[in-house]
Amino acid sequence: AIKFKKYKDIVSVASISYDELGQAEAGAEAADAMPLNRSQEVDLPRSVSVSYIDPSHDYQTASEKESRQITESNEDMIVELPLATTSDHAKRVAQTILFDRWRAQNTRSCKVSRKYAFASSGDGITVEYPRGAWKLWRITSMTDTGALCEFNVEPGDAELYTQTAVGA
């Protein structure tokens, strides 16, 4: 079944302690608790420009841009919204896309027991990592091997999706 969820409404469906991370199949060596998967900075956008139809300017095409101040990247992303909206909304969209791409630079994965097989992509899970620190993560993909569940996760900070930027 397909589930549609708003990122800003993410809630935790399970809590996974540090001792439950890094599970391995019978006879295999225990895995790293929550290995880091880091994408290259040069593959991330330096800026995001959102073009849109501006009803306050006789429905002419306008654009709003959000940029990173310090980066090695020279990738500029252009997004075209085929709808009429305000400059404030277009600026929030540009910010959200830019911040989301950079936040997803550092994802993690974890192997846990099948006890958590009910969780699926889009769900939030609260994970104790490192030991003593609990944090909300959003599952981006899940693989059930029959013996273990492997989750790929990204930070579940919903504040990202409630931007209050002001456009031009």
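3J(HN,Hα) along segment 101-109: 4, 6, 5, 6, 4, 10, 9, 9, 10 Hz, from the Karplus curve 6.51 cos²θ - 1.76 cosθ + 1.60 with θ = phi - 60°, whole Hz, x for Gly and Pro. Between 49, 81, 147, the Cα set farthest toward the positive side of the dipole of the chain (charges on each charged residue's Cβ, about the Cα centre) is that of 147. Across q = 0.18, 0.19, 0.20 Å⁻¹, the chain modelled as identical point scatterers on its alpha-carbon atoms has Debye log10 I(q)/I(0) values of -1.10, -1.16, -1.22, in the order of the q list. For residue 5, no lysines have a Cα closer than 17 Å to its Cα, not counting residues fewer than 8 places off in the same chain.
May I ask for the net charge around residue 149, where only other residues with Cβ less than 9 Å from the Cβ of residue 149 are counted and Lys, Arg are +1 while Asp, Glu are -1?
Result for the local shell: +1.
Secondary structure note: in the chain, about 70% of the DSSP beta bridges are antiparallel. For segment 12-53, the residues whose backbone nitrogen is under 12 Å from a point 7 Å from the Cα of residue 135, taken along Cα to Cβ, are 34-37. Rounded to whole Å, give me the distance from the Cα center of segment 66-83 to that of segment 26-57. Here the two parts' Cα centres lie 13 Å apart. Placing +1 on the Cβ of every Lys and Arg and -1 on the Cβ of every Asp and Glu, with no other charges, gives the chain a dipole of roughly 360 debye about its Cα centre.
Each value in this text was obtained by applying a stated rule to the coordinates, not by laboratory testing. On a predicted model such as this, the values are computed, not experimentally measured, just so you know. Quick reminder, even Gly has a Cβ in these numbers, built from the backbone with ideal geometry, and neighbours come from all protein chains shown.
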